[in-house]
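Have a look at the structure below, then the notes.
The values are calculated or read from the model by the stated rules, or taken from the named source; none is laboratory data. Fair warning: this is a prediction, and the values are worked out from it, not measured in the lab. Methodologically, a virtual Cβ is constructed for each residue, glycine included, from the backbone with ideal geometry; neighbour enumeration extends over all protein chains shown. Heads up: the accessible areas ignore ligands, DNA and RNA and are worked out on the full protein's heavy atoms, side chains in. Shrake-Rupley method; radii C 1.70, N 1.55, O 1.52, S 1.80 Å.
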2 protein chains.
Amino acid sequence: MHDELLAKTSLRRMNQAAAKQISQDEVIILTALRLGMTAALAVAICGAEARAQMQFQNNLMPQPTEMSLGSGALALDSTFAVAVPGASDARLTDAISRAVRRIEMVAGLRHAGRGVTGTTRLIVKVDHPSAPVQSIDEDESYSLRVTSSGAEIDAPTELGAMHGLETLIQLVQPTASGYVIPAITIHDTPRFRWRGLMIDCGRHFEPVAVIERNLDGMAAVKLNVFHWHLTEDQGFRMQSRIYPKLTAMGSDGLFYTQQDAKDVVAYARARGIRVVPEFEMPGHSAAWLLAYPELASGTNPIEIRREFGVSAFAIDPTRDATYVFIDHFLAEMSTIFPDAYVHIGGDEAPAPDWKTNPRILAFMKAHDLKDNDALQAYFNSRVLKIITRLHKHMMGWDEILTPGLPKDVVVQSWRGEASLFEGAKLGYEGVLSAPYYLDGMRPAGVHYLADPLPSSSDLTPEQRKLILGGEVCMWGEHVYVRTIDSRIWPRTAAIAERFWSPENVRDVNDMYRRLAPTSIELESLGLTHLGSEDAGLRELAATENIDALRTFASVLEPVSFGERAHIQHTDQLTPLESFVDAVRPDPPSRRWFELTVKRLLADPRGDTADRIALAARLTQLSEAVPATRQQMLASPRLEEVSVRADQLMQLTAMGQEALQYLANGQKAPAAWTQKQIETLDEIEKPRALVRFTFLPEMRDLVKTVSD
Amino acid sequence: MHDELLAKTSLRRMNQAAAKQISQDEVIILTALRLGMTAALAVAICGAEARAQMQFQNNLMPQPTEMSLGSGALALDSTFAVAVPGASDARLTDAISRAVRRIEMVAGLRHAGRGVTGTTRLIVKVDHPSAPVQSIDEDESYSLRVTSSGAEIDAPTELGAMHGLETLIQLVQPTASGYVIPAITIHDTPRFRWRGLMIDCGRHFEPVAVIERNLDGMAAVKLNVFHWHLTEDQGFRMQSRIYPKLTAMGSDGLFYTQQDAKDVVAYARARGIRVVPEFEMPGHSAAWLLAYPELASGTNPIEIRREFGVSAFAIDPTRDATYVFIDHFLAEMSTIFPDAYVHIGGDEAPAPDWKTNPRILAFMKAHDLKDNDALQAYFNSRVLKIITRLHKHMMGWDEILTPGLPKDVVVQSWRGEASLFEGAKLGYEGVLSAPYYLDGMRPAGVHYLADPLPSSSDLTPEQRKLILGGEVCMWGEHVYVRTIDSRIWPRTAAIAERFWSPENVRDVNDMYRRLAPTSIELESLGLTHLGSEDAGLRELAATENIDALRTFASVLEPVSFGERAHIQHTDQLTPLESFVDAVRPDPPSRRWFELTVKRLLADPRGDTADRIALAARLTQLSEAVPATRQQMLASPRLEEVSVRADQLMQLTAMGQEALQYLANGQKAPAAWTQKQIETLDEIEKPRALVRFTFLPEMRDLVKTVSD
């Protein structure tokens, strides 16, 4: 809803808005700037308002291709007037309006109202208007130049200008005398053309508001493809007027109307994001078959499939009626989704019926299709004809890559780089997803370092061009409206940088430093990734008093999708309001322990600050346990986590003892070490679907003080 | 959006849902129940699962008219099947479906899916269907009976049944062996027919999502009128197709489409809430006049009025064209808003033009209208004719009550009880609002004790019937999407109890005890009143690390609307993302200090627990200051609050010293006392638009240890 406010900000404001003349006193002279992507830079503040040395931070995410800092800064003591001398349309002026509003918010400025006059401080110059439908080949580059007297964005297209606006917002910095945008020159262009986020709305429905706020987040970190996974065994989420039973029978009433989808497409376009819809076939198709059993290969579902995982249901590829249906359906969808790509899924279709249904077997024999793969290839080639006739390109998961598949198909690799590169060698375009599965609950740093196209790969230059980019995947088994944001963000911002920035931008420490302010920016756009944990804890404890519980939860994170599915039988009706759902993957505590313990162990007898900080943190954690235990006693929904409270007491005691040995320069007795290792082994076992964030560091500590 | 999920839960689930047989072991025998509305009740848990004594809490808000606890409880170990043997329609089954989903969430249960079979555990019996448009006279009573084998709600209408469902949800309790609904019999009926919340969407626009989540909150505490203040000098928020310029010129593009409004009306009806739209006339009408200057009395606005407060603009009451316009407009609005009442505002119309415009003066003379009041009365009587012809009742603020006004008008009193009762004595129906202005930032307990119709009033029984009820008012000068929830909730829940429960339910302590879990319930409905403070602090500090800042902010609350407007010039473009906007009115710290210091001073040398707790809290606060100061240095947006950080150090030192005197049984020297009082006087001055929540208690402490 926050977005609605921003989106509707009157255009007229822009035309009449203006900047107050910047007082010379308030201009900041940056004296000691170092170029590049890292580090805090010391700058001196001059003039009457100068009060202190200040730190200038490069908070940009993703990092631009080229950047050079100038001297001085543009002071933001009122909102600036904007001129758009080149190509311009409502989309661009809306984007400028939203950007100005966000700068006002970051800098705590009065909102620009109509009737303000003044000097133009921002010029946005676009060479030529964008095509009505955003193409994968649209030039997204831009240049941004900020001086103490104004800022100018130059871009070949609106899309580049919009990226430049996002950069401008991220440049806003506090100084002792107010907010500024530092003098800087940026030339920026993305490394990959396809920078996507897939959200699975099939297994759990995500309301339009969730989609929209995630589109805002995507735009902020320059992602440009929203891959909308709209159908699954567990739900058909897209309304068809031709085949209304698809949602009437297969959605529990939880689906997007055609108007909803059009609104999402428009919302995305306004933010420079393409929408690629996915309609899974021939597998993951129970919801189609529940509504239209005549499409099935033999086995029909009799109700919405609540179970996750690969099902036996498959669309029958042998009947012409199947293709008539798909033709009509995709033609209808093409009136809603203008993008040049359609995703047909295609993964995980074991289709046991294809091995037993005599009619299908006869068909395979007649068409010389020797196995399931060959039959799926036949299916794909017929669907491809339909999609081609709709003037679109077909996209699918790894499994669509079968011998004889025409080259005009994009393969999305969930199997890994090897599969992606194999496709490229065969001449297929590809998008990498395997290392970007968010439900693995891995740290941002791990995703960050996975490169879709490392320079070390053995692809030829021609083959390298076939790697379009990457896509983050948010699968829907264990997420819903309350928790999905914290699974997507902020980690996706780090991956977005991987897709945009040069390959050699891979300093994990610096990434995490910049991820922190980016996460706040994402929250201010309406995303709930930072607030949802506390909300979940309050609900679980049924009280607003969660200081201790919050501290306890801060060192726990959810286990991976695979571990959870292994431990707990989950299906679509499993409640997702447990402790594991409240806590976040890769919380700040993980990184804090990692850095602090690493520094400490590198020089255990040196500066005591880290030892003191670590001891204090352990004390804080152990002190939180008694109140947490009380709340667990009072709330059956928290009870399962009590084992982790007991273990936290063990861990903090272990840590304090290790620090004591460290401080004294002593080695621990072997018996102590043995006991700690047994304790750690026990604590490492999955319990309550959550894991501690600092176990490796505890092992390192124990190891260091042991012989 | 959360709501969307709930709302769309399939009806089919209800028909097939079922309860697992409750194991005798899991049934809880309540042994020591005390009737009435207060207190924690000790109950023994029997059976194999019994583990501990547990506390049973009466968390109901509002309190029911009659309630008697039975023995045993309905165990919630799976979701129950629901039977609806009486009158039923989609609204009721939807409401049941949402209620079941909420019970599942509170109790951490698996969601009811289709295909579940079992015993019916909830019967909802309604005598007759509701009218298509909810009437003020609809019977809202219900009976609820819960035993260990099931629950039954009986009500004359759906509306009562829906209230019963809300009560049922609030009855869910944790026990050592899981969640239960205690055996209980409730007969409940509201004290007042009109229990409203007004939201001003004119001064700042509130997106539909804000309205909808607030409607959810209203339904949870049994409010039944949403008074939608749709027009103001600063914005015309309701789309008219006949007069499109109203929003085209007067809304900054921030308005409700007719479809939006219809959606809100439907959303409200689904929750048993009437929607009374307000279109302000003849004053507060700059937005009308900007679009249609021909309606003006002389002075015309030339742009959207950003300034708040009473304006000089007024609709011209002397021209027939005015009434043609209003007639057409209200007729159009009546196709969107089916409610029997229309609010025409009518307040604060000084209309200086009426004293100077020769044409208007001539008209007044010709019609024997001796002053502005008489002219407004003339205006009202003509508008009343229009509204009557639309088969609706007219409602307006105090000022519409002028001699000669027909009796078929409801007066909403913002001036106070005296004005309300005066109206009743003249034969007018009335709704009290004066004591329920949320922007006064007063504690819930103050609002709570203000009774719309105290038994001590001198009204006759006939006159008493004219007091329809009360309305909470959320004026929009200083709230917007991010902050409005924390201004409305949870305080409005306490006022809702005033409107619903018997007059003698007025134990402030018990109200606050029940308000705490109610606040959590409201958050789980999607309201942001608990999470928005942290989100605001994170944005202000530009970091996720707000532990210290949160502690600091916990003892500060916003000054009242009046104080803020006095100190700071605010208008529609003033940013509302400052520290004052982040902190909440009546935060828990206020109540905590009040109770703790009261107990301590009642017996200063007795139990030391309160003294220890108070000292610990003061220590926690003072320890939070250094890190808070650091963040203030780094964020210009926080800088203005640094004076309060300094003062918090003074306050905590003062408190610790006073506690020391108290512990030692000593009196403080006069000089010390003098200094503390001066300090307190200084701290009491408005600074940074926030005030400390515990100054009265500090004064009491100082006073107690002084001679």
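Kindly provide the set of residues from the stretch B:389-404 that are under 20 Å from B:His227 (Cβ atoms), open to solvent by 10 Å² or more (accessible area, probe 1.4 Å) and assigned to a helix (DSSP H, G or I), ordered by number.
Selection gives B:Glu399 alone.
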Check whether at least one residue in the stretch B:364-372 is open to solvent by less than 30 Å² (accessible area, probe 1.4 Å), in contact (Cβ under 8 Å) with a residue 12 or more places away in the chain and in contact with a Ser or Thr (Cβ under 7 Å, 6 or more places away or on another chain), and report yes or no.
-> no
Apart from one, (1) in contact (Cβ under 8 Å) with a residue 24 or more places away in the chain; (2) within 11 Å of chain B (Cβ to nearest Cβ); (3) assigned to a helix (DSSP H, G or I) all hold for A:Arg564; the odd one out is (2)
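Consider the stretch A:295-313. How many of its residues are more than 14 Å from chain B (Cβ to nearest Cβ) and assigned to a loop (DSSP other than H, G, I, E, B)? Even if it seems obvious, please write down each step before you answer.
So in the stretch A:295-313, the residues more than 14 Å from chain B (Cβ to nearest Cβ) come out as A:295-300, A:309-313.
In the following step, the residues that additionally are assigned to a loop (DSSP other than H, G, I, E, B) were identified as A:297-300, A:309-313.
Result for the stretch A:295-313: 9.
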Within the stretch B:363-383, which residues are within 8 Å of B:Pro317 (Cβ to Cβ) and among the hydroxyl-bearing types (Ser, Thr, Tyr)?
-> B:Tyr378
Residues of the stretch A:164-182 classified as more than 14 Å from chain B (Cβ to nearest Cβ) and open to solvent by 10 Å² or more (accessible area, probe 1.4 Å), total = 1
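Counting only residues that are outside any helix (DSSP H, G or I) and of a type in the set (Val, Ile, Thr), how many does the stretch A:520-533 have? Can you show your working first?
Initial filter on the stretch A:520-533 (outside any helix (DSSP H, G or I)): A:525-531.
When the remaining residues are screened for being of a type in the set (Val, Ile, Thr), the result is A:528.
So the count comes out to 1.
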The condition of being of a type outside the set (Lys, Arg) and open to solvent by 20 Å² or more (accessible area, probe 1.4 Å) holds, among A:Glu158, A:Glu138, only for A:Glu138
Go over the candidates B:Leu680, B:Leu638 one by one and state the one that is assigned to a helix (DSSP H, G or I), open to solvent by less than 20 Å² (accessible area, probe 1.4 Å), modelled with pLDDT of 95 or more and closer than 30 Å to A:Leu109 by Cα.
-> B:Leu638
Which of (1) assigned to a helix (DSSP H, G or I); (2) open to solvent by 50 Å² or more (accessible area, probe 1.4 Å); (3) basic (Lys, Arg) is the odd one out, the single condition A:Arg605 does not satisfy?
-> (1)
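Would you please name the residue that is farthest from B:Leu375 (Cα to Cα), looking only at residues in the stretch B:308-354 that are among the acidic types (Asp, Glu) and within 26 Å of the chain's Cα centre (by Cα)? I'd like the intermediate steps shown before the answer.
To start, the set of residues in the stretch B:308-354 that are among the acidic types (Asp, Glu) comprises B:316, B:320, B:327, B:332, B:339, B:347-348, B:353.
Narrowing the set further to residues that are within 26 Å of the chain's Cα centre (by Cα) leaves B:339, B:347-348.
Details: B:Asp339: 28, B:Asp347: 14, B:Glu348: 14 Å.
That would be B:Asp339.
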Please give the number of the condition A:Ala609 fails out of (1) away from chain B (no Cβ under 14 Å); (2) modelled with pLDDT of 95 or more.
-> (2)
Wholly within the stretch A:53-152, strands (runs of 3 or more DSSP E) carrying at least 1 residues that are at pLDDT 90 or above = A:66-75, A:81-83, A:120-126, A:142-147
Tell me which of these B:Thr551 doesn't satisfy, since it passes every other one: (1) more than 9 Å from chain A (Cβ to nearest Cβ); (2) not in a loop (DSSP other than H, G, I, E, B).
-> (1)
Could you tell me whether B:Ser524 is closer than 25 Å to B:Pro575 by Cα, surrounded by 20 or more Cβ atoms within 10 Å (Cβ to Cβ) and either at pLDDT below 95 or touching a Lys or Arg at 6+ places or on another chain (Cβ under 9 Å) (or both)?
-> no
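Name the residue that is surrounded by the fewest Cβ atoms within 10 Å (Cβ to Cβ), counting only residues in the stretch B:534-548 that are outside any loop (DSSP other than H, G, I, E, B) and within 10 Å of another protein chain (Cβ to nearest Cβ). Steps first, please.
Within the stretch B:534-548, the subset outside any loop (DSSP other than H, G, I, E, B) is B:534-541, B:547-548.
Keeping just the survivors that are within 10 Å of another protein chain (Cβ to nearest Cβ) gives B:534-536, B:538-541, B:547.
On the way: B:Asp534: 20, B:Ala535: 22, B:Gly536: 25, B:Arg538: 22, B:Glu539: 22, B:Leu540: 25, B:Ala541: 22, B:Asp547: 16.
Top of the filtered list is B:Asp547.
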Residue set B:Arg629, B:Arg617, B:Arg590, B:Arg599; condition open to solvent by 10 Å² or more (accessible area, probe 1.4 Å), within 14 Å of another protein chain (Cβ to nearest Cβ) and touching a helix residue (DSSP H, G or I) at 6+ places or on another chain (Cβ under 6 Å); output residue B:Arg629
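Quick check on A:Ile360: is it more than 28 Å from A:Gly196 (Cα to Cα), out of contact with any strand residue (DSSP E or B) (no Cβ under 7 Å at 6 or more places or on another chain) and open to solvent by less than 30 Å² (accessible area, probe 1.4 Å)?
On the way: more than 28 Å from A:Gly196 (Cα to Cα): yes; out of contact with any strand residue (DSSP E or B) (no Cβ under 7 Å at 6 or more places or on another chain): yes; open to solvent by less than 30 Å² (accessible area, probe 1.4 Å): yes.
Yes.
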